[in-house]
Every structure is written in C-alpha cells, then in structure tokens.
Amino acid sequence: MEGYRLFRKDRQGRRGGGVAFYVNDQLECMELHLGMDEEPTESLWVRIKGSAGAGDIIAGVCYRPPDQADRADEALYRQIGAASRSQALVLMGDFNHPDICWRDNAAECKQSRKFLECVNDNFLLQVIEEPTRRGAMLDLLLTNKAGLVG
C-alpha cells in the first residue's frame with residue numbers, strides 16, 4: 001500500500017494465515033523480535049519512534065488460534081510481558097477467548113483465565129466494549145496507557 005511500510009509474519013507449518021501490520025512511511029519504526037526464538041506464535045511487534053519529547057510506542061498484532069497449545073500461549077505471554085515494560089503499548093488481534101467476561105474480569109476456561117492473568121499482571125486495559133463476532137469479544141485492543149487509543 002503506497003505511503004505505508006508493511007510488516008508481516010506468515011503462518012509457519014500450515015497453509016494461509018499469519019499477521020500483518022502497516023505503518024505510515026512518515027513514522028520511524030522497526031520490527032522487534034520478542035522471544036521469537038521460542039515456541040512459534042502468530043504475533044508481530046513494531047517499535048514506533050515517538051515525536052520529540054514523547055516516548056516510543058510498541059504496537060503488536062496477534063492471532064491466537066482456538067486450539068493453540070499451552071506452550072505457545074506461554075511464549076505469547078512472555079512476549080506481552082516484555083512489550084508491556086514499554087512506556088506505551090498497543091496490542092490488537094483475535095485472541096479467541098469467547099468465554100471471557102471483560103466487565104467482570106472472569107472466564108470459565110483455564111486457558112482464558114491464564115490470559116486474563118497475563119493481562120492483569122501486565123496492567124493492560126482492554127478497550128473494545130462491544131462483541132466483535134457472534135456475541136463474543138474475540139478481537140481485542142489492549143494498552144498499558146489509558147487514553148492512548150479509544
């Protein structure tokens with residue numbers, strides 16, 4: 001797309017899929033490799049240089065398959081932990097945790113509870129307020145800085 005820089009990570013081991021991220025050409029940015037030598041995850045991280053006086057922003061995009069192995073979840077949580085140490089983080093994607101009730105910060109499934117624990121441990125806010133697919137909130141927008149997005 002003209003005027004934008006494409007970052008992409010194609011799905012490994014299966015046909016189709018992956019994640020991509022476009023950043024305006026006028027912004028200075030670079031891809032980050034947060035624990036990418038571990039268990040493969042469908043995630044991509046980009047550091048966007050802040051303007052004078054403003055800190056950098058780490059932006060991430062993720063697709064978590066519904067049947068993702070616990071090892072891959074743990075690798076993703078370590079990536080989120082590393083990224084959340086930044087001054088400003090925005091993470092978006094399809095996390096496939098339909099049982100999470102964000103209003104009550106509760107979930108039925110063990111994997112969903114582990115994800116909520118990761119979100120809470122890293123002081124992330126979930127910004128999306130309406131269901132994104134068939135009454136469930138699968139697509140999320142997480143940040144560690146209130147007011148950064150919304």
query = In the stretch 1-127, what % of DSSP beta bridges are antiparallel (nearest 5)?
reply = 75 percent
task = Quick one: give the max-minus-min coordinate of the C-alpha atoms of the stretch 97-150 along each principal axis, largest first, in Å.
result = 29, 25, 15
inquiry  = Run the numbers for D121 and C101: contour at 0.36 nm per residue of separation, minus the present Cα-Cα distance, in nm.
reply    = 5.5 nm
note = For the stretch 4-143 the mean separation of alpha carbon contacts under 8 Å (6+ apart) over residue count, i.e. relative contact order in percent, is 18 percent
request  = Measure nothing fancy, just the Cα-based angle from helix 70-83's long axis to the longest principal axis of the chain, in degrees from 0 to 90, nearest 10.
outcome  = 40 degrees
note = Computed about the Cα centre, the charge dipole of the chain from +1 Lys/Arg and -1 Asp/Glu charges at the Cβ has a magnitude in debye, to the nearest 20, of 100 debye
request  = State whether the stretch 19-71 is rounded, prolate or oblate according to the following rule on the C-alpha gyration tensor (a ≥ b ≥ c being the square roots of its eigenvalues): a/c under 1.5 gives rounded; otherwise a/b larger than b/c gives prolate, and the remaining case gives oblate.
outcome  = prolate
key: Label-reachable residues, the stretch 79-115, where backbone N falls under 15 Å from a point 7 Å from Q12's Cα toward its Cβ   = 79
inquiry  = Give the lysines whose C-alpha is closer than 30 Å to that of K110, dropping any in the same chain fewer than 8 places away, or say none.
reply    = K9, K145
ask   = Gain in length, D56 to A69, computed as 0.36 nm per residue apart minus the alpha-carbon separation, to one decimal in nm?
value = 1.5 nm
query = Over what distance in Å are the Cα centres of the stretch 18-54 and the stretch 77-150 separated?
reply = 18 Å
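List W45, W102 from most exposed to least, where exposure is judged by having the fewest other Cβ atoms within 10 Å.
Final ranking by Cβ density, sparse to dense: W102, W45.
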query = Cα axis of helix 110-121 to longest principal axis of the chain: angle in degrees, 0 to 90, nearest 10?
reply = 40 degrees
task = Order by neighbour count: L76, L124, fewest other Cβ atoms within 10 Å first, most last.
result = L124, L76
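May I ask for the percentage of alpha-carbon pairs in the stretch 1-96 that lie more than 15 Å from each other?
62 percent
The numbers here are math on the coordinates, done by the rules we state, and not lab data. Computed from a predicted model, the values in this text were never measured in an experiment. Using ideal geometry, Cβ is built from the backbone for each residue, glycine included, and neighbour counts are taken over all protein chains shown.
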